[in-house]
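Participant: Below you'll find the structure I mean.
The values are calculated or read from the model by the stated rules, or taken from the named source; none is laboratory data. Quantities reported herein were computed from a predicted structural model and do not represent experimental measurements. Note that we place each Cβ from the backbone using ideal geometry, even for glycine, and neighbour counts take in every protein chain shown.
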Amino acid sequence: MAHEFLVIIEKGRRNFGAYVPVLPGCAVVAETREEVLRLIREAIKLHLESLRESGDPVPEPSSTTETVQV
């Protein structure tokens, strides 16, 4: 069963960070955007495995994005 989650990627001065709003605590930091994407995929898989093993439900993706021009 495939899941699709919104991942927020933020560029810092020297690295990139990524997190999944619907999965609290699921976050990574890496030197490149490519690496942060690879690591967040792994982190999501591990987070979902942990939820399943403990009998907790996998949250339904509920985050969306919108761009606002001001």
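Participant: Given the criterion over 9 Å from the mean Cα position of the chain (by Cα), modelled with pLDDT of 95 or more and aliphatic (A, V, I, L, M), identify the matching residue among Val7, Val20, Val29.
Facilitator: On the way: Val7 fails: over 9 Å from the mean Cα position of the chain (by Cα); Val20 fails: over 9 Å from the mean Cα position of the chain (by Cα).
Matching residue, one of Val7, Val20, Val29: Val29.
Participant: Could you list, in sequence order, all residues of region 27-52 that are surrounded by fewer than 18 Cβ atoms within 10 Å (Cβ to Cβ) and in contact with an Asp or Glu (Cβ under 9 Å, 6 or more places away or on another chain)?
Facilitator: The answer is Ser50, and nothing else.
Participant: If Gly55 meets every condition in (1) surrounded by fewer than 16 Cβ atoms within 10 Å (Cβ to Cβ); (2) at pLDDT 95 or above; (3) at negative phi; (4) of a type outside the set (A, V, I, L, M, F, W, C) apart from one, which number is that one?
Facilitator: Against the list (1) surrounded by fewer than 16 Cβ atoms within 10 Å (Cβ to Cβ); (2) at pLDDT 95 or above; (3) at negative phi; (4) of a type outside the set (A, V, I, L, M, F, W, C), Gly55 comes up short only on (3).
Participant: Which residues, counting only those in region 21-40, are without any contact (Cβ under 8 Å) to a residue 40 or more places away in the chain and within 19 Å of Thr65 (Cα to Cα)? Can you show your working first?
Facilitator: Looking only at region 21-40, we keep the residues that are without any contact (Cβ under 8 Å) to a residue 40 or more places away in the chain, and these are 23-40.
Leu23, Pro24, Cys26, Ala27, Leu37, Ile40 - these are the residues of region 21-40 that are without any contact (Cβ under 8 Å) to a residue 40 or more places away in the chain and within 19 Å of Thr65 (Cα to Cα).
Participant: Same structure again: Quick check on my filter: what residues within region 4-26 are surrounded by 11 or more Cβ atoms within 10 Å (Cβ to Cβ), out of contact with any helix residue (DSSP H, G or I) (no Cβ under 7 Å at 6 or more places or on another chain) and closer than 20 Å to Val58 by Cα?
Facilitator: If the condition is that a residue be surrounded by 11 or more Cβ atoms within 10 Å (Cβ to Cβ), out of contact with any helix residue (DSSP H, G or I) (no Cβ under 7 Å at 6 or more places or on another chain) and closer than 20 Å to Val58 by Cα, then Leu6, Ile8, Tyr19, Pro21, Val22 are the ones that fit.
Participant: Could you list, in sequence order, the residues of region 11-47 that are touching a strand residue (DSSP E or B) at 6+ places or on another chain (Cβ under 9 Å) and in a loop (DSSP other than H, G, I, E, B)?
Facilitator: Gly12, Asn15, Val20, Pro21, Gly25, Cys26, Glu31, Thr32
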